[in-house]
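Novice: This structure is in C-alpha cells; I'll ask about it shortly.
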Amino acid sequence: MSTVVKVKLSRKIDDSYAIVIGSGLSKSLGKQIVRDGFGGKYCIITDSNTQKIFGKKLLSQLRSAGAHAQMIVFSGGEENKNISSVEKILEQMLAKGFGRRDCIVALGGGIVGDVAGFAASVYLRGINFVQVPTTLLAMVDSSIGGKTGVNLSEGKNSAGAFYQPKKVYICPELLKTLPENEMRNGMSEIVKHAIMFDAKFFAYLEKNLGKIMKLDSKTLEYVIKRNCELKAKVVEKDELESNFRRVVNYGHTIGHALEVLTGYKGMSHGEAISIGMVSEAVIAYEMGLMKAHDIDKIANLLHKIGLPIDLPNIEMESILSATRKDKKAVSGKVYYSLPAGIGKATRSKGQYGIEVSDEMVRNSLGCCDDNCSCCCENC
C-alpha cells in the first residue's frame, strides 16, 4: 500500500517588462538602470569588443550613480557561445560576491544576451537581469522574449532556458559604432518579421532600405519600434513556444543547420537565416503554400541588403541530418515555420510548426539532378 503526498505549487507570475527605445539614452543609461532598481549590485557581462565601445563607459555611469558595479568580459564570437563560457562567468560572479538580490546587465549583441541571460537563469537558481542590446539583431529580436542559451557541438541553442529580463534598454545611436555587416545581420530578422506578420511593413522596408542602411535616426527608430511590437505580440501570445511562437523560427531550420555545419565560422547568423528564408520559401512554394512572385520579392530585398540567398556547396544529406538534430525537431521529425505569402504565416490543423519530409526538402531545393552529390537514393 502506498501513500501519496501532494506538493501544491499553483501560482500566478507576472513577468511583464518594458522595452525602452530612445536616441541618446546611452548618455544617461547607468543612472536610468540604478533608478529602476533591479539589484543591489550590478554585474555587466559583455564581450571584448563591446567592452571597448561602451562597456567601460557604462561601468563608470553605474558607479557615478552610486551603484556597486563590476564587469565580466568573455571572448566574443559564436564559437564562444557555449557551456564553458557560462561556467567561467558563474565562477567569476561567485568570486566577486554577487548574491541573489543583485542584477546582471547583458551588454552586447545576441550572443552576449543569450549567454548572460542563461547565466542569470542558473546563478544561485536565478537572479535579475536586464538587456542592453548593442546590435540591430539583438535590438529587434534576441533581446525580447526571454530565450537564453548556448550552443552544443551538434546543435545551436540546444541548452538554455526561458528567462525573461526585467527591462530592455535600446539605444539606437550605438549602432553607429558597428560595422555594416552587423546592420545586414539585423536586417535579416527584420525582414523575417515582416514576411510572417506585416505585408505593409515589408513594403516599407523595400521603400526605405537606403535610409535604414544609412542609419537615418527617424527611420531606424520606427523600424526598431515596429519590430519590438511584432515580437512582443508573439511572446505575449505564446511565451514558451508551445505553438504560435514557432512562427519566428522561419528561416531558422535550414539556417541553424548551415551554422552548425560551418562550425559557426563560415557565415554569420544573419547570413545563414537569409539563405534559410529563401530556401524555406521555396519549400513553401513547392507545398502550394505561397506564390513564386513572393519568393522573388523576398530574395530581391535580401539581395539588396547585401545578404546571401543561395545555398552554399554543402551536401544536402548533411543539411538534412543537421535539421533532425535541431531543437525544433520532435522524435526525428523536422518541423518548419513557413510563410503563406508575405505578411502571413502558415497554420495547418491549428499548428504553426509544419512537418516537412526530407524528400520534400530535397525536391524543393533542387538536390536530385545530374550533378547531385548528396548520395540520396533518388539520384
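Read-outs throughout are calculated quantities, based only on the coordinates presented, and are distinct from any laboratory measurement. Since the structure is predicted, the reported quantities are computational estimates derived from the model, not experimental observations. Heads up, the Cβs are rebuilt from the backbone with ideal geometry, glycines too, and the neighbour counts pull from every protein chain shown.
Novice: Once fully extended, how much extra length lies between residue 331 and residue 265, figured as 0.36 nm per residue of separation less the alpha-carbon to alpha-carbon distance?
Specialist: Answer, rounded to one decimal: 20.9 nm.
Novice: Scan around residue 129 for amide H atoms under 5 Å from its own, H built in the peptide plane at 1.01 Å from N, and keep only partners 5 or more places away or cross-chain.
Specialist: When sequence neighbours closer than 5 places are left aside, the close amide H contacts are 104, 166.
Novice: Under a no-solvent Debye model with one identical scatterer per Cα of the chain, what's log10 I(q)/I(0) at q = 0.09, 0.10, 0.12 Å⁻¹?
Specialist: -0.52, -0.64, -0.91
Novice: Please arrange 262, 3 by how many other C-beta atoms lie within 10 Å of their C-beta, fewest to most.
Specialist: 3, 262
Novice: If the chain between residue 12 and residue 363 were fully stretched, how many nm would it gain, using 0.36 nm times the residue separation less the Cα-Cα distance?
Specialist: So the chain would gain 121.6 nm between residue 12 and residue 363.
Novice: For residue 159, list long-range residues whose amide hydrogen, built 1.01 Å from N in the peptide plane, is under 5 Å from its own amide hydrogen.
Specialist: Answer set, sorted by chain and number: 150, 152.
Novice: Starting from the alpha-carbon convex hull of region 18-177, give the projected area averaged over all orientations, in nm².
Specialist: Projected area, direction-averaged: 8.0 nm².
Novice: Taking a cut-off of 16 Å, what percent of all Cα-Cα pairs in region 276-321 are separated by more than that?
Specialist: Percentage above 16 Å: 44.
Novice: Related question: Could I have the simple spin-label model distance between residue 64 and residue 124, label points 7 Å from Cα toward Cβ, reported in nm to one decimal?
Specialist: With each label placed 7 Å out from Cα toward Cβ, I get 2.8 nm.
Novice: If you don't mind, another one. Assuming a ≥ b ≥ c are the square roots of the Cα gyration tensor eigenvalues, decide whether region 158-215 counts as rounded (a/c under 1.5), prolate (otherwise, with a/b larger than b/c) or oblate.
Specialist: oblate
Novice: Nearest-5 percent of antiparallel DSSP beta bridges in region 18-177?
Specialist: If we restrict to bridges inside region 18-177, about 20 percent are antiparallel.
Novice: When the Cα centres of region 236-308 and region 105-153 are compared, how far apart do they sit, in Å?
Specialist: 22
Novice: When 1/r is averaged over all different Cα pairs and the result inverted, which Kirkwood radius in Å belongs to region 188-272?
Specialist: Its Kirkwood hydrodynamic radius stands at 14.2 Å.
Novice: Looking only at 99, 270, 55, which one moves most when the chain is put into a Gaussian network model with springs between Cα atoms under 10 Å?
Specialist: 99
Novice: For residue 68, list long-range residues whose amide hydrogen, built 1.01 Å from N in the peptide plane, is under 5 Å from its own amide hydrogen.
Specialist: 42
Novice: Mind checking which of 254, 111, 89 has the largest fluctuation in a GNM of the chain, springs on alpha carbons under 10 Å?
Specialist: Sorting by GNM fluctuation, first place goes to 89.
Novice: Considering only Cα-Cα distances, which of the following residue pairs are longer than 25 Å: 12/237; 192/225; 6/328; 192/218; 147/237?
Specialist: Distance filter (> 25 Å) returns 6/328.
Novice: Still on this structure, I have one more. Provide 330, 122 in ascending order of the number of other Cβ atoms located within 10 Å of each residue's Cβ, fewest first.
Specialist: Ascending number of Cβ neighbours within 10 Å: 330, 122.
Novice: What does the charge add up to near residue 110, with Lys and Arg as +1, Asp and Glu as -1, over the other residues with Cβ less than 12 Å from its Cβ?
Specialist: In short, -3.
Novice: In nm, give the distance between the simple-model label positions of residue 161 and residue 324, each being 7 Å from the Cα along the Cα-to-Cβ direction.
Specialist: 3.2
Novice: Can you tell me the FRET efficiency between residue 291 and residue 229 if r is taken as the Cβ-Cβ distance and R0 is 22 Å, rounded to the nearest 0.05?
Specialist: With R0 = 22 Å, the Cβ-Cβ based efficiency is 0.20.
Novice: Now for a separate question. Quick one: Karplus J couplings for region 253-258, per residue in order, coefficients 6.51, -1.76, 1.60, θ = phi - 60°, nearest Hz, x for Gly and Pro?
Specialist: 5, 5, x, 5, 4, 5
Novice: I need the shape label for region 180-364. Rule: rounded when a/c is under 1.5, else prolate if a/b > b/c, else oblate, with a, b, c from the alpha carbon gyration tensor.
Specialist: prolate
Novice: Shifting gears a bit: Taking R0 as 30 Å, what FRET efficiency do you get between residue 88 and residue 31 from their Cβ-Cβ distance, rounded to the nearest 0.05?
Specialist: Using R0 = 30 Å, I get an efficiency of 0.50.
Novice: Taking every DSSP beta bridge with both residues inside the chain, roughly what % is antiparallel (nearest 5)?
Specialist: Roughly 30 percent of the DSSP beta bridges within the chain come out antiparallel.
Novice: If you don't mind, another one. Step through the residues of region 107-116 one at a time and calculate ³J(HN,Hα) from phi using the Karplus curve (6.51 cos²θ - 1.76 cosθ + 1.60, θ = phi - 60°), rounding each to whole Hz and writing x for Gly and Pro.
Specialist: 10, x, x, x, 5, 4, x, 5, 5, 5
Novice: Given points 7 Å out from each Cα along the Cα-Cβ axis, report the residue 20 to residue 315 separation in nanometres with one decimal.
Specialist: 5.3
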